[in-house]
Amino acid sequence: MVPGEIDRAAARARLVAERRRLLEELGEPIENPGQMTYGSQAAAASQVFEQQRDLALRERSRTELGRVEAALRALDDGTYGTCVSCGKSIAPERLEAIPWAPTCIDCARKAGR
Ligand SMILES: [Zn+2]
């Protein structure tokens, strides 16, 4: 691989693997506190808390899945590695670290991430 160039085959392999992982994660059922037949209020509260945490994690997974799928589409139409915000090239080192990064490091910093 030439330094400074994006290894698209490697990026695709990682994106496909990540998509599979996320889909599996999102396919798992969330425990439903409503199915609890009997328990103390504290137990109920902690179960609600856990459900909310699961939902928050799921929300994050879904966001990430959207990014992974957008990156795969970009690979298909040849725009992969272009910042969706400013249109400049995303540094290959950044894509190596985060293959589904939609923006360059400058835009990511500006967005406060
Ligand atoms: Zn940018």
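Odds and ends about this structure:
- The angle separating the long axis of helix 8-27 from the principal Cα axis of greatest extent in the chain is about 10 degrees.
- Remark on segment 8-80: Rg and Dmax equal 17.6, 57 Å (Cα only).
- Nearest-ten-degree value, helix 41-77 long axis tilted from longest Cα axis of the chain: 20
- Here the gap between Ala70 and Glu93, fully extended at 0.36 nm per residue and compared with their Cα-Cα distance, gives a gain of 6.4 nm.
- Dipole magnitude for the chain: about 320 debye, using +1 per Lys or Arg Cβ and -1 per Asp or Glu Cβ, origin at the Cα centre.
Values in this text are rule-based calculations from the coordinates and carry no lab data. Bear in mind the structure is a predicted one, so any value in this text is a computation, not a measurement. All Cβ positions, even for glycine, are placed from backbone atoms using ideal geometry, and neighbour counts span all protein chains on display.
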